[in-house]
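The values are calculated or read from the model by the stated rules, or taken from the named source; none is laboratory data. Note that the coordinates shown come from a computational prediction; the quantities given were computed from them, not determined experimentally. No Cβ is skipped: glycine too gets one built from the backbone with ideal geometry, and neighbour counts run over all protein chains shown. The area values use the complete protein model at the heavy-atom level, side chains included, leaving out ligands, DNA and RNA. Shrake-Rupley method; radii C 1.70, N 1.55, O 1.52, S 1.80 Å.
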Amino acid sequence: MQGEFPILETSRLILRLINLSDAVSIQKNLSDAQTVMYSNTNQPPTREEVEKIIKIWQKRFEEQKGIRWGITKRGNDKVIGSCGYKNLTQDNTKAEIGYEILVNYRRQGLMSEALNAVIRFAFKTMQLSYIKATVNPDNLPSINLLKKIGFIEETILENNQRDHTQSTNLKLFSLPPFTMTSFYDVIRNFKVF
């Protein structure tokens with residue numbers, strides 16, 4: 001994962017580096033009522049907070065602790081969502097995936113398409129052997145998406161701190177190491193391009 005930021009392409013999307021110039025789009029996305037409800041905060045972020053988040057994402061990449069792509073539709077450079085990895089282990093074999101997309105672009109298969117690309121990148125280029133995701137138990141669209149792309153529900157993580165004021169439970173999902181056969185079965189479900 002060293003070097004230049006990797007640009008990923010699918011049939012409908014380009015996944016690219018998120019810049020400070022994308023702050024308005026990222027703020028709109030992170031301020032969506034559903035996104036706030038299922039996130040680890042109680043309120044939408046301010047513009048300054050979004051700029052800090054973008055800088056954190058950039059620093060994680062520079063320090064090889066994670067990577068976050070801006071999701072754009074081909075032919076339009078406006079960021080409509082983001083996805084990527086954080087909590088990359090020191091041995092670079094495990095990471096946590098996260099994602100969100102603007103409400104107008106949900107239920108169109110765009111996030112499945114984006115996650116397909118970043119999961120292929122994780123196993124092929126980053127050489128990850130394990131990807132986890134944590135999800136609010138009430139976030140059924142996200143749970144269904146993870147199951148659709150092959151994640152397995154492992155357990156409930158109880159009493160996770162939310163915005164330093166309240167606790168919530170989270171469901172832990174994982175995409176375990178693949179044999180070549182099971183990898184191709186999952187990829188087939190992604191409808192590879």
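The aspartates and glutamates whose alpha-carbon is closer than 16 Å to the alpha-carbon of LYS86, local same-chain residues fewer than 8 away aside, are GLU62, GLU63, GLU96, GLU100.
Using heavy atoms of the protein chains and a probe of 1.4 Å, the accessible area assigned to VAL118 is about 0 Å². The local environment of ASN87, defined by Cβ-Cβ distances under 15 Å, has a net charge of +4 under the rule Lys, Arg +1 and Asp, Glu -1. In the full protein context, segment 1-127 carries 52 Å² of accessible surface per residue, based on a 1.4 Å probe and ignoring ligands, DNA and RNA.
Other residues lying with their Cβ under 9 Å from the Cβ of THR134 contribute a combined charge of +1, Lys and Arg counting +1, Asp and Glu -1.
What a 1.4 Å probe finds exposed on segment 1-124 is 48% carbon and sulfur by accessible area, rounded to a whole percent. Sorting 169-175, 107-113 by average packing, meaning the other beta carbons within 10 Å per residue, from highest down gives 169-175, 107-113. Descending by average beta-carbon neighbour count within 10 Å, the peptides 45-51, 65-71 line up as 65-71, 45-51, the highest first.
Among residues other than PHE173 with Cβ under 9 Å from its Cβ, the summed charge is +1 (Lys and Arg +1, Asp and Glu -1).
Taking all protein chains together, LEU128, LEU30 sort by accessible area into LEU30, LEU128, largest first [probe 1.4 Å]. Pairs exceeding 22 Å between alpha-carbon atoms, taken from LYS65/LYS147; LYS28/LYS78; LYS59/LYS148; LYS59/LYS147; LYS28/LYS148: LYS65/LYS147; LYS59/LYS148; LYS59/LYS147; LYS28/LYS148.
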